[in-house]
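Worksheet: one structure, shown below.
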Amino acid sequence: MTFWTDALGAQVRYRDAGEWRTRSLEAGDEGDHVIMMGGLTGHVEGFIRNVVPLAQRGLRVYAIDCLGHGYTAKPDNVTYHAPIFTEHLLRFMDSIGAERAHIVGQSLGGWIGLWTAKEHPDRIGRIVFATGAGILLDDEARKRESAEIHSRVQNVTRRAVEEPTRESVRRRLEWLMADPATVTDELVETRYRIYTLPDSRAVMPKLVAEQPSEENRVHLLTEADLAALPHEVLVLWTDKNPTTPAEVGRRASEILPNGSFQLMKDAGHWPMFEQPEEFNRIVGDYLTRPSS
Amino acid sequence: MTLWTQFLGGTVEWVDADGVRTRMLRLPGPGDRGQAPPLLLLHGRGGHLETFVHNARAWSAHREVIAVDLLGHGLTAQQGERYDIGELLDHVAGVIAHLGVAEIDVVGQSLGGWVAARLALRPDTPVRRLVLIEPAGLQDESERLADPRVRSAYERGGRSFASPTIDTVRLRFAQLLHDHRKIDDEMVELRLRLYQLPGATAVHQAVRAADNRPWLLTREQLPTLRPPCLFLRGAHGHLPVEVLQQAADAVAAGRLLTVPDAKQWPHYENPAVVNPAVDQFLQEELS
């Protein structure tokens, strides 16, 4: 299997999310809208093993490159904090005529999902928060841990972005996975090509400086925020996540009024790519189950 | 290099070509520097747009490149009845109408070359320049199949359409190539998936059974082919060199290039020769 055969039957399109040209990998002609978003400096290929299988569950699925990412517009006149990603998501939803969408958000994508649900609750349906970022528990030790994770993510990402080589890109990708052999040459080549685009070289340093910065931490969702969020949220974690430990995800799912929790084995930060069959089954079941 | 990385930065969309849902790949050209018309790529029998995997990106350096699955092929809708040249031609005309361009260059291989030449013979055609790679349509089917090599390849090809398995698909792929080491597993897997789609066998069999005699590119018609025409043949291809040379001499402005180390798919087997040759041919007469 390669990316092309994984995505056979899907479309690769550019849509205008407001003024921002946005790359979308999409499949499915009917059913609820589902938007999939990846992590910091990620791109739609992270979801290449998910878009077609989830569309076959009767969903209209769009994996998008977030603002400043992949082949989507990378403006240099915005601040890459949570609100701008939410603005981009809403404009993308407008472009596909989706009043409301389910969100499958991994890492940063999960943070965008939760922040958007908090600020614009009517536009968001269910949320799958997969090895997500953006939550801050009250516990002091957890707060310190969260700050350390931001700083670590910033360091490993900065190295891959500042002087991208296939080797540095491969190391950053291997850091994401439970099994480094998951990182194929095709994935490395794709990411290398994206990181070396002229607009990536120009804007990614700003993105990587701002998104995990101290100033963006005011947009973290606190326990009080989570307790006030009415949405159905599946917190999906892994046993080998290199960032936030599973206990934080489990605790968040208990605070969320309509939260649930699942732990996947033998996966790191990219469960959708490392264990796609299980991921697709769990997410497909969750997004298609009848409303309670 | 994989299909994904070769086509990265491009789009894959379903477009409506005169009522036919058509899979279309587009690779953007150089933007404001581009004065050249877009280039449309048409694949051969049993083909699909990915057969240009080694070419599309290189050719997009100077122009937008567009490739489609022909009617009933690949993931384009199986809306044909006879699947003769006339139906394939109408579909491609619908594709060009959808693009809404005043001029277009066309590269066609085998069956796609036949369609491309027919398109260029139409009055008011938007075709500016034509590249025909091992084109079909220059010989009658009975004449073609009189060659025992062609007959045997034809029969093996039939098995890959009738009962697609990894082995039959690989065998048909192998016979297109001079050097079998150039078979790539991704293309075999892709072709197997496409050949196994519901209805695909019937389409391929209809394409082979179609009576295309009314559409043959005859000696009387070739001189009326106005766009400059580059013919490409594989040095080890089945199409007799005399047939191609006569055609190149017959058209208004034609030339023939023989591609070394290649058979039926010179664009795939020897892109190092084919890509710059086609690019230079298309750049002529552009300021």
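In nm, to one decimal, how far is the modelled label at A:ASP199 from the one at A:GLU119, with both set 7 Å along Cα→Cβ?
The answer from the label model is 2.1 nm.
What aspartates and glutamates sit close enough to B:LYS263 to cross-link, taking a C-alpha to C-alpha distance under 15 Å and skipping anything fewer than 8 places away on the same chain?
B:GLU134, B:ASP179
Computed over the Cα atoms of segment B:63-112, what is the convex hull's projected area averaged over all directions, in nm²?
Details: hull surface 15.5 nm².
For the Cα atoms of segment B:63-112, the hull's average projected area reads 3.9 nm².
Where does segment A:1-146 land on Rg/Rh, using Cα atoms and the Kirkwood Rh?
Working: Rg = 15.0 Å, Rh = 15.4 Å.
Ratio value, two decimals: 0.98.
Please state, as a whole number in µm²/s, the translational diffusion coefficient that the Stokes-Einstein equation yields for chain B at 10 °C and 1.306 mPa s, with Rh defined as the Kirkwood radius across alpha carbon pairs.
Taking Rh from Cα pairs, D becomes 85 µm²/s.
Hey, what number do you get for chain A at 222 nm if only DSSP H runs of n ≥ 4 count, each worth -39500 (n - 2.57), divided across all residues, to the nearest 500?
Mean residue ellipticity, 222 nm, calculated: -12500 deg cm²/dmol.
Hey, with R₀ at 45 Å, roughly what FRET efficiency would B:ASP261 and A:GLU278 work out to, going by the Cβ-Cβ distance, to 0.05?
0.45
Using a 10 Å cut-off on Cβ to Cβ distances, tally the other chain neighbours for every residue of B:8-21 and report the average as a whole number.
Mean number of neighbouring Cβ atoms from other chains: 3.
Heavy atoms only, 1.4 Å probe, whole protein assembly: order A:ARG126, B:ARG26, A:ARG171, B:ARG21 by accessible area, highest first. Numbers along the way, then the final one.
Numbers: A:ARG126 15, B:ARG26 70, A:ARG171 140, B:ARG21 105 Å².
Order by accessible area, largest first: A:ARG171, B:ARG21, B:ARG26, A:ARG126.
If I take the Cα coordinates of segment B:189-262 and project them onto the principal axes, what are the three extents in Å, biggest first?
The Cα atoms of segment B:189-262 stretch 43, 34, 21 Å along their principal axes.
Using the Kirkwood radius built from alpha carbon pairs, what does the Stokes-Einstein equation give as D for segment B:220-260 at 20 °C and 1.002 mPa s, in µm² per second? All intermediate terms of the calculation are to be shown ahead of the outcome.
Numbers: Rh = 10.4 Å.
For the chosen part, D equals 207 µm²/s.
Mind telling me which of B:VAL169, B:VAL241, B:VAL127 comes out most flexible in a GNM of chain B, alpha-carbon contacts under 10 Å?
For chain B, modelled as a Gaussian network with Cα springs under 10 Å, the answer is B:VAL241.
Within segment B:29-101, report the trypsin sites (Lys or Arg not before Pro) that DSSP leaves as loop and that have at most 16 other Cβ atoms within 10 Å.
B:ARG82
With loop defined by DSSP as not H, G, I, E or B, and exposure as at most 12 other Cβ atoms within 10 Å, which is the longest segment of chain A clear of exposed GluC sites (Glu not before Pro)?
A:100-292
What list of ³J(HN,Hα) values in whole Hz, one per residue of segment A:52-66 in order, does the Karplus curve 6.51 cos²θ - 1.76 cosθ + 1.60 (θ = phi - 60°) give from phi, with Gly and Pro shown as x?
5, x, 6, 4, 5, 8, x, 10, 9, 10, 10, 8, 10, 7, 5
How about segment B:180-262: which GluC sites (Glu not before Pro) there are in a DSSP loop, with at most 15 other Cβ atoms within 10 Å of their Cβ? Could you put the intermediate results ahead of the total?
Values: sites: B:GLU186, B:GLU189, B:GLU220, B:GLU242; in loops: B:GLU220.
Those satisfying the criteria are B:GLU220.
Below 8 Å between Cα atoms, with a sequence gap of 6+, how large is the relative contact order for chain B in percent?
Relative contact order here is 18 percent.
What translational diffusion coefficient, to the nearest whole µm²/s, does segment B:6-155 have by Stokes-Einstein, given a Kirkwood radius computed over alpha-carbon pairs, a temperature of 20 °C and 1.002 mPa s viscosity?
136 µm²/s
Under a point-charge model restricted to the Cβ atoms of Lys and Arg (+1) and Asp and Glu (-1), what is the dipole moment magnitude of chain A relative to its Cα centre, in debye to the nearest 20?
With only Lys, Arg, Asp and Glu charged at Cβ, the dipole is about 300 debye.
For segment B:161-276, what's the relative contact order in percent, using C-alpha pairs closer than 8 Å and at least 6 residues apart?
Details: 141 pairs, mean separation 29.8, N = 116.
RCO, segment B:161-276: 26 percent.
Please report the antiparallel percentage of DSSP beta bridges with both residues in chain B, rounded to the nearest 5.
Numbers: 11 of 34 bridges.
Percentage antiparallel, nearest 5: 30.
In terms of modelled amide H atoms, which long-range or inter-chain residues lie less than 5 Å from the amide H of A:MET36?
For A:MET36, whose amide H was placed from the backbone, the distant partners under 5 Å are A:TYR62, A:ALA63, A:ILE64, A:VAL104.
Residues of B:42-48, mean number of Cβ from any other protein chain within 10 Å of their own Cβ, rounded to a whole number?
Average neighbour count from other chains, rounded to a whole number: 0.
Roll a 1.4 angstrom probe over the protein heavy atoms and tell me the percent of accessible area of chain A that is carbon or sulfur. If you can, show how the numbers build up before the last one.
Details: 4940 of 10990 Å².
Here carbon and sulfur together make up 45 percent of the probe-accessible area.
Taking every pair of alpha-carbon atoms in segment B:140-287, give the share separated by more than 18 Å as a whole percent.
Counting every Cα pair in segment B:140-287, those more than 18 Å apart make up 67 percent.
Given N residues in the protein assembly as shown, what is its alpha carbon radius of gyration divided by 2.2 N^0.38 Å? Write out the running numbers ahead of the final one.
Details: Rg = 26.3 Å, N = 579, 2.2 N^0.38 = 24.7 Å.
So the protein assembly as shown has a normalised radius of gyration of 1.07.
Of the residues A:THR238, A:THR22, A:THR182, which exhibits the maximal mean-square fluctuation in a Gaussian network model of chain A defined by a 10 Å Cα contact cut-off?
Most flexible of the set in this elastic network: A:THR182.
Using only Cα atoms, what Kirkwood radius does segment A:119-193 have, in angstroms? Show your work: numbers first, answer last.
Numbers: mean 1/r = 0.0668 Å⁻¹.
Here the Kirkwood hydrodynamic radius works out to 15.0 Å.
May I ask you to evaluate 6.51 cos²θ - 1.76 cosθ + 1.60, the Karplus curve with θ = phi - 60°, for each residue of segment A:13-20 and list the ³J(HN,Hα) values in order in whole Hz, giving x for glycine and proline?
3J(HN,Hα) across segment A:13-20, in whole Hz: 10, 10, 10, 8, 8, x, 8, 9.
Taking R0 as 56 Å, what's the FRET efficiency between A:GLU215 and B:ALA174 from their Cβ-Cβ distance, rounded to 0.05?
0.40
Ratio of segment A:12-286's C-alpha Rg to 2.2 N^0.38 Å, to two decimals?
Ratio of Rg to 2.2 N^0.38 Å for segment A:12-286: 0.91.
Could you pull out the GluC sites (Glu not before Pro) across segment B:1-100 that fall in loop regions by DSSP (anything but H, G, I, E, B) with no more than 14 other Cβ atoms inside 10 Å? Display every interim value, and only then the final one.
Details: sites: B:GLU13, B:GLU50, B:GLU64, B:GLU81, B:GLU87; in loops: B:GLU64, B:GLU81.
When the GluC sites (Glu not before Pro) of segment B:1-100 are filtered for loop state and at most 14 Cβ neighbours within 10 Å, B:GLU81 remain.
Buried accessible area for the B:A pair, summed, 1.4 Å probe, in Å² rounded to 100?
2100 Å²
Looking at the protein assembly as shown, send over the antiparallel percent of its DSSP beta bridges, to the nearest 5.
Numbers: 23 of 73 bridges.
Antiparallel bridges: around 30 percent, rounded to the nearest 5.
Skip the ligands, DNA and RNA, and give the accessible area per residue of chain B with a 1.4 Å probe, whole Å². List each step's numbers first, then the result.
Numbers: 11250 Å² over 287 residues.
Using a 1.4 Å probe on heavy atoms only, each residue of chain B averages 39 Å².
Summing -39500 (n - 2.57) over the DSSP H runs of n ≥ 4 in chain B and dividing by its residue number, what mean residue ellipticity at 222 nm do you reach, to the nearest 500 deg cm²/dmol?
Value at 222 nm, helices only, nearest 500: -11500 deg cm²/dmol.
Partner chain Cβ atoms within 10 Å, averaged over the residues of A:219-230 - can you pull that number for me?
0
Which far-off residues, 5 or more places away or on another chain, put their amide H under 5 Å from the one on A:ILE135, with H placed in the peptide plane?
Result for A:ILE135 returns A:LEU221.
Taking the dipole about the Cα centre of the protein assembly as shown, with the C-beta of Lys and Arg at +1 and of Asp and Glu at -1, give me whichever of A:GLY58, B:PRO228, A:VAL104 is farthest to the positive side.
Positive-end residue among those listed: B:PRO228.
Using the C-alpha atoms of segment A:248-290, what convex hull volume per residue, in cubic angstrom, is computed?
Each residue corresponds to 73 Å³ of Cα convex hull volume.
Placing unit charges on C-beta atoms (Lys and Arg positive, Asp and Glu negative, everything else neutral), compute the dipole magnitude of segment B:1-93 about its Cα centre in debye, rounded to 20. Don't skip to the end; give the middle numbers.
On the way: 8 positive and 11 negative charges, 80 e Å.
Charge dipole, segment B:1-93, about its Cα centre: 380 debye, nearest 20.
For segment A:147-292, take the convex hull of the Cα atoms, compute a quarter of its surface area, and give me that in nm², please.
9.9 nm²
Which of these, A:ILE135, A:ILE103, A:ILE255, has the largest mean-square fluctuation under a Gaussian network model of chain A (Cα springs below 10 Å)?
Largest GNM mean-square fluctuation: A:ILE255.
Could you tell me the distance between the Cα centroids of segment A:87-116 and segment B:1-71, to the nearest Å?
30 Å
The values are calculated or read from the model by the stated rules, or taken from the named source; none is laboratory data. Computed from a predicted structure; not experimentally measured. Every residue, glycine among them, receives a Cβ derived from its backbone with ideal geometry; neighbour counts consider all protein chains shown. These accessible areas exclude ligands, DNA and RNA; they are computed on the full protein's heavy atoms, side chains included. Shrake-Rupley method; radii C 1.70, N 1.55, O 1.52, S 1.80 Å.
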